[in-house]
Amino acid sequence: MKIVYDGSMDPRLCKAVLGETIPAMAAEDPDLIYLDADLMNCIGTAKWAAANPDRAVNCGIAEANMIGVAAGLASAGFKPIVHTFGPFASRRCYDQLFLSAGYAKNDITVIGTDPGVTATLNGGTHMPFEDVALYRALPGSTIIDVTDPTMLISVLRQCKDRPGVKYIRVGRKSYARVYEDGSELPIGKAVTLREGTDLVIFACGIMVHEALQAAAALEKEGISAAVLDMFTIKPLDVEAVVSWAEKTGAVVVAENHNRFGGLCSAVSEVLAERCPTPAAFVAVEDQFGEVGPQGYLQERFGLTAAHIEEAAKSVLKRKETK
Amino acid sequence: MQENNKLKAFAAEIRMAAIEAIHSIGSGHIGGALSIADVLAVLYGREMRYDPQNPKWPERDKLVCSKGHAGPAVYGTLALKGFFPYEELKTLNRPGTHLPSHCDRNKTPGVDMTTGSLGQGTSLACGMALGDKLRGRDSRVFLIVGDGESNEGQVWEAFAFAAAKKLGNLVVLLDWNKRQLDGWTKDIFPMGDYVAKFEAFGFDTVKVNGNDIDELVPALERTRAGGDRPYAIVMDTVKGAGVAEVAEKVMNHSLPVSDEQYERWTAQLKEEIKALEVEQ
Ligand SMILES: Cc1ncc(C[n+]2csc(CCOP(=O)(O)OP(=O)(O)O)c2C)c(N)n1
Ligand SMILES: [Mg+2]
């Protein structure tokens, strides 16, 4: 694994990566089966699916049924990979995820596209700020908030054979390139993207790029911020949280999600129990989504590098007075 | 005939308005918006009771566009009927807009219910119809459902509920345009015979050409009789109806609209209105 971040965008769109990686994985593993709910065209799998009807099932617009079918396929020895938009991959089918898949121990991988503000013009009904919270409450689940296309490929391959219910939230468009092509990112292991001594920023998904920009800006003001990529929200890399919180004494958590139930909650739970540390959160303040371009929405919901800088400064004040 | 010609002109205006909104942001759910322009024209031009000055009037008839992505057609209709200024159509999906992709009762004057997660509008409409009944109002609830949307199990739970609870003030308008997002419903998820299904569920059911005002008018007029069975009108439609270039494209769920297309389609629709020889 190599970090190649320079702020530029990865030329690959994640929808294209999904459209290539799922068929490639299916070619390697005869047990893989792909299910979608009338959104194959949104991730470029339609053509391959039409040519391989025994490997790909379009379940129509019926997500709860799709999860139940996937769970049944798992019991028949298949390794289902399921896709729909994030809200429909979580809320719309939660009891089926919880019981048919989780409780009954039918292992499936679910891809929820366009998490949080990346749902842009589809608007509030399509903008999940709660999907991570739902999946976190499902025992034995794995939750990934994807950082860039290279990571997407790596985690897809790992999830296929991992036990439990696995949830990958990823935007369909491009991301800032963080990892060198072909890098492997072991699930459950946070990545230290930047060392620092004054505070640590724990970030995931689109907020990793914002955190790295914020850290660079803070450095110009003489503030040294570490940045950790917490792409595995569950199981959380507890040791990374504890050691960086102890090392720096101040924490910022940044996520494209409601502050309730996601990475902010996960980190707070660890801090409270293991090493109480001043923390500040850059996340959605218990609101519903709305329509608009991503730049506007990041401003609207407080999810920019500038918001991280602000949070860093406020938490440093509390660190000093502690 | 003159009255129907007026409704036909209104349908063309609704198409122009939906195209106006979608063109203003560059792309959008044009296919499913165009396929329901005719039924919207009959609903808001003839069948429904409403007051643009008082959009929350409890005695009004209500529309639930459960295929919420057809918002631009609904917004066009409401703007033309004076619920808000026509110019606002150009704010579709812009920051802070009252007109998001999917219908939202808290944002748009005249939108009676929030939709966007397919299937959910059906149960909401049942609750609204039941509520009107329980309150002793003679209002009716019109529910537009997509054929792809009807894949959702919730849709059929709602239909069973409507029949079980004798919601004769509910009119289901099924937009049978034979396409969903990934293509033809026959290839993606065929649902079989809707008329037989509705009848088996206990609905008073008719099938009409849903892009023909002359067929929609009497079919909707019939539903005024109420009674103790919900109504289903299976509308045989074309996704993209009214703009040949859109209808001919199989994958027309969401498309960009260029300046040139906007000009040309608008001009075509204006010509159509002129040919109807109605006084505007
Ligand atoms: C629960 C849910 N699943 C998926 C979607 C994404 N989606 C939006 S429109 C659409 C296709 C709808 O097809 P149909 O109901 O036939 O509508 P129309 O053809 O009239 O556009 C899909 C899959 C959604 N909005 N809600
Ligand atoms: Mg359809």
Practice prompt. Look through segment B:154-173, keep the residues that are within 16 Å of ligand 2 (Cβ to nearest atom) and more than 21 Å from B:Ala247 (Cβ to Cβ), and return whichever of them is surrounded by the fewest Cβ atoms within 10 Å (Cβ to Cβ).
Written response: B:Val155
Worksheet item: Can you name the residue in segment B:144-153 that is under 27 Å from B:Asp132 (Cβ atoms) and buried (at least 20 other Cβ atoms within 10 Å of the Cβ) and is also farthest from ligand 2 (Cβ to nearest atom) among such residues?
Response: B:Glu152
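For every residue, the table says whether it meets (1) crowded, with 17+ Cβ neighbours inside 10 Å; (2) within 19 Å of the chain's Cα centre (by Cα).
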residue: B:Asp193; (1), (2): no, no
residue: B:Lys197; (1), (2): yes, no
residue: B:Gly202; (1), (2): yes, no
residue: B:Asn209; (1), (2): no, yes
residue: B:Asp214; (1), (2): no, yes
residue: B:Leu220; (1), (2): yes, yes
residue: B:Thr223; (1), (2): yes, yes
residue: B:Gly226; (1), (2): no, no
Worksheet item: Out of all the residues in segment B:32-47, is one or more within 16 Å of ligand 2 (Cβ to nearest atom), acidic (Asp, Glu) and in contact with a helix residue (DSSP H, G or I) (Cβ under 6 Å, 6 or more places away or on another chain)?
Response: yes
Worksheet entry | Residue in segment B:46-60 that is within 9 Å of the chain's Cα centre (by Cα) and either in a loop (DSSP other than H, G, I, E, B) or within 16 Å of ligand 1 (Cβ to nearest atom) (or both) present | no
Discussion item. When you check A:Ala254 against the structure, is it under 15 Å from the mean Cα position of the chain (by Cα), at pLDDT 95 or above and in the same structural domain as A:Thr197 (by TED's automatic domain parsing), yes or no?
Written reply: yes
Worksheet item: How many residues does segment A:97-144 hold that are farther than 30 Å from A:Gly77 by Cβ and either aliphatic (A, V, I, L, M) or not assigned by TED's automatic domain parsing to the domain that holds A:Gly86 (or both)?
Response: 5
Fill in: Test for B:Gly76: is it assigned to a helix (DSSP H, G or I) and within 12 Å of the chain's Cα centre (by Cα)
yes
Fill in: Residue that is nearest to ligand 2 (Cβ to nearest atom), among those in segment B:1-31 that are within 20 Å of B:Leu181 (Cβ to Cβ) and either touching a His at 6+ places or on another chain (Cβ under 9 Å) or outside any helix (DSSP H, G or I) (or both)
B:Gly31
Worksheet item: How many residues does segment A:97-119 contain that are within 18 Å of B:His102 (Cβ to Cβ) and touching a Leu at 6+ places or on another chain (Cβ under 7 Å)?
Response: 1
Worksheet item: What do you reckon, is B:Ile25 over 21 Å from B:Asp112 (Cβ atoms), within 14 Å of another protein chain (Cβ to nearest Cβ) and surrounded by fewer than 24 Cβ atoms within 10 Å (Cβ to Cβ)?
Response: yes
Discussion item. Can you report the number of residues in segment A:282-301 which are closer than 11 Å to A:His257 by Cα and either among the charged types (D, E, K, R) or surrounded by fewer than 22 Cβ atoms within 10 Å (Cβ to Cβ) (or both)?
Written reply: 4
Worksheet item: For segment A:183-205, does any single residue satisfy the condition of being farther than 27 Å from A:Val315 by Cβ and hydroxyl-bearing (Ser, Thr, Tyr)?
Response: yes
Discussion item. Out of the strands (runs of 3 or more DSSP E) lying entirely within segment A:1-93, which hold 1 or more residues that are within 14 Å of chain B (Cβ to nearest Cβ), within 21 Å of A:Asp114 (Cα to Cα) and in contact (Cβ under 8 Å) with a residue 60 or more places away in the chain?
Written reply: A:79-85
Response to the item:
Of the residues in segment B:226-249, those that are touching an Asp or Glu at 6+ places or on another chain (Cβ under 9 Å) and either away from ligand 1 (no atom under 16 Å from the Cβ) or closer than 13 Å to B:Asn169 by Cα (or both) number 6
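Let's see how each residue does on (1) more than 14 Å from every other protein chain (Cβ to nearest Cβ); (2) away from ligand 2 (no atom under 12 Å from the Cβ); (3) in a helix (DSSP H, G or I):
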| residue | (1), (2), (3) |
| --- | --- |
| B:Asp175 | no, no, no |
| B:Asp187 | no, yes, yes |
| B:Gly192 | no, yes, no |
| B:Lys197 | yes, yes, yes |
| B:Ala200 | yes, yes, yes |
| B:Lys207 | yes, yes, no |
| B:Leu216 | yes, yes, yes |
Worksheet item: Within segment B:113-128, is even one residue at positive phi, surrounded by 18 or more Cβ atoms within 10 Å (Cβ to Cβ) and at the interface with another protein chain (Cβ under 9 Å from one of its Cβ atoms)?
Response: yes
Worksheet entry | All positions within segment B:137-171 that are within 14 Å of ligand 1 (Cβ to nearest atom), assigned to a strand (DSSP E or B) and either touching a Phe, Trp or Tyr at 6+ places or on another chain (Cβ under 7 Å) or within 14 Å of chain A (Cβ to nearest Cβ) (or both) | B:Val145, B:Gly146
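The values are calculated or read from the model by the stated rules, or taken from the named source; none is laboratory data. It should be emphasised that the depicted structure is a prediction, and the values quoted were computed from it without experimental measurement. Glycine gets a Cβ as well: all are built from the backbone with ideal geometry, and neighbour counts include every protein chain shown.
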